[in-house]
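Q: Attaching a single structure in structure tokens format; questions to follow.
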Amino acid sequence: MVDGRADRVAQVYRHSDGYPGSVLRDLAQLKELLDATRAERGPGYTAATFAFLDKLSTVGLYLDGDPERTIDTAQPADLLELSNMEHLDQPLFLLGHGVEDPADGIHGDEEYLYVVELPTTNAFDEPTEWTVKVSGHSAFPRRDGPTDEAFERANWQFHGSLKDALTDLVRDEAVVKQNPKSYLYDLVLEGLK
């Protein structure tokens, strides 16, 4: 996520479910929430909220009654109680996301890259449209190439509004998606001047 200034970039790594349909729907939900609450504060805050909401969405797996993974919770703070997690092996809500230094490039096993351009606004401005770029599937340097140049060398299959990306790519993905396996991706949020 970027705002057009080199010093205002937040790069998030999410380990799974990186298909455009999933990521774009998550971004649309995030934007709707931030617009309704007027809580957009630039790339760093937006990236943190994106990761938080995604982690929060996995907590339900640990409250469903399955004895191998259920956490005994009466209140949210119980999720942090170590005695409630002794039986868990690497719970999803503690893994699967990272904040990366954009100068270091990407992790290397991503299959999609995304850039989200956030217009610079203050909390009292009317919400504006986010612009997104979505790479082609593995259309950038990965483990076998210069991962620090991935965003510069990526072939972008889409560049436009988030709304148009949802219409164009999510529809197309439903047609061409062959394997429901989760994919890795990197997301950069940018704020615009």
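The values are calculated or read from the model by the stated rules, or taken from the named source; none is laboratory data. Note that the coordinates shown come from a computational prediction; the quantities given were computed from them, not determined experimentally. With ideal geometry, Cβ positions are generated from the backbone for all residues, glycine too; neighbour counts draw on all protein chains shown.
Q: Check every one of the strands (runs of 3 or more DSSP E) wholly within the stretch 109-193 and list those with 1 or more residues that are modelled with pLDDT under 90.
A: The strands (runs of 3 or more DSSP E) meeting that bar are 112-119, 185-192.
Here is a yes/no grid of residues against (1) among the charged types (D, E, K, R); (2) closer than 20 Å to residue 95 by Cβ; (3) surrounded by 15 or more Cβ atoms within 10 Å (Cβ to Cβ); (4) touching a Pro at 6+ places or on another chain (Cβ under 6 Å):
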{"site": "1", "(1), (2), (3), (4)": "no, no, yes, yes"}
{"site": "9", "(1), (2), (3), (4)": "no, no, yes, yes"}
{"site": "24", "(1), (2), (3), (4)": "no, no, yes, no"}
{"site": "35", "(1), (2), (3), (4)": "yes, no, no, yes"}
{"site": "40", "(1), (2), (3), (4)": "yes, no, yes, no"}
{"site": "56", "(1), (2), (3), (4)": "no, yes, no, no"}
{"site": "75", "(1), (2), (3), (4)": "no, no, no, no"}
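Q: Test residue 88 against the criterion of being surrounded by fewer than 17 Cβ atoms within 10 Å (Cβ to Cβ), closer than 22 Å to residue 13 by Cα and of a type in the set (A, V, I, L, M), and give yes or no.
A: no
Q: Report yes if some residue within the stretch 59-68 is among the β-branched types (Val, Ile, Thr), out of contact with any His (no Cβ under 9 Å at 6 or more places or on another chain) and closer than 17 Å to residue 119 by Cα; otherwise report no.
A: Kept after step one, since they are among the β-branched types (Val, Ile, Thr), are these residues of the stretch 59-68: 59.
Narrowing the set further to residues that are out of contact with any His (no Cβ under 9 Å at 6 or more places or on another chain) leaves 59.
With the extra rule that they be closer than 17 Å to residue 119 by Cα, the set shrinks to none.
No, the stretch 59-68 contains no residue that is among the β-branched types (Val, Ile, Thr), out of contact with any His (no Cβ under 9 Å at 6 or more places or on another chain) and closer than 17 Å to residue 119 by Cα.
Q: For residues that are surrounded by fewer than 16 Cβ atoms within 10 Å (Cβ to Cβ) and touching a Gly at 6+ places or on another chain (Cβ under 9 Å), scanning just the stretch 146-168, find the one that is nearest to residue 18 (Cα to Cα).
A: The extreme case among them is 155.
Q: For residue 11, which of the numbered conditions (1) more than 11 Å from the chain's Cα centre (by Cα); (2) assigned to a strand (DSSP E or B) fails to hold?
A: (1)
Q: What tally of residues in the stretch 14-32 results from selecting those that are without any contact (Cβ under 8 Å) to a residue 60 or more places away in the chain and either in a loop (DSSP other than H, G, I, E, B) or acidic (Asp, Glu) (or both)?
A: 2
Q: While we're here: Identify, from the list 35, 66, 72, 54, the residue that is over 23 Å from residue 108 (Cβ atoms), assigned to a helix (DSSP H, G or I) and of a type in the set (Asp, Glu).
A: 35
Q: Can you say whether residue 47 is touching a Gly at 6+ places or on another chain (Cβ under 9 Å), in contact (Cβ under 8 Å) with a residue 12 or more places away in the chain, surrounded by 12 or more Cβ atoms within 10 Å (Cβ to Cβ) and not in a loop (DSSP other than H, G, I, E, B), as far as the supplied structure shows?
A: no
Q: Spot the failing condition for residue 67; the list is (1) at pLDDT 80 or above; (2) over 22 Å from residue 16 (Cα atoms), and only one is missed.
A: Among (1) at pLDDT 80 or above; (2) over 22 Å from residue 16 (Cα atoms), the lone unmet condition for residue 67 is (1).
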